[in-house]
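First comes the structure, then the notes that go with it.
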C-alpha cells in the first residue's frame with residue numbers, strides 16, 4: 001500500500017531523523033548542568049544520544065534502526081535495569097526536553 005494516501009507519521013511531521021538527532025544532542029548537552037540528571041547520565045557512552053535518537057525515530061514512526069542495530073525495547077530495558085535510574089528523575093527528564101525542543 002502506498003503511503004501517498006496516508007497522513008504523515010509523527011516522525012515525518014517532526015522533521016525526520018535529523019530532527020531527532022538534534023533534539024537528543026541538545027537535551028544531552030544540557031544534562032551536565034542539571035543537579036538531578038548530571039549524576040544519572042555521567043557514565044553514559046558518547047553514542048548514547050544517537051541511540052536515543054534512533055529509538056525515538058522508531059517510536060514516532062520512522063525507520064526501525066534501533067531494533068536493527070540494538071535489538072529494540074528488550075535491549076533498552078536491560079540497559080536501564082543495570083543503571084542507577086531513579087524514579088524521581090523521570091519527570092525531570094521530561095521537563096528537560098522542553099528547552100531542547102525550543103532550539
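Rule-based calculations on the coordinates, nothing more; no lab input. No experiment lies behind these values; they were computed from the predicted model shown. Backbone-built Cβ (ideal geometry, glycine too); neighbour counts: all protein chains shown.
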Legend entry - Among 19-25, 31-37, 57-63, the order from most to least packed when residues are scored by Cβ within 10 Å on average: 19-25, 57-63, 31-37
Inset, instruction - Using only the alpha-carbon atoms of region 1-75, report the extent along each of the three principal axes, biggest first, to the nearest angstrom. - result: 48, 24, 16
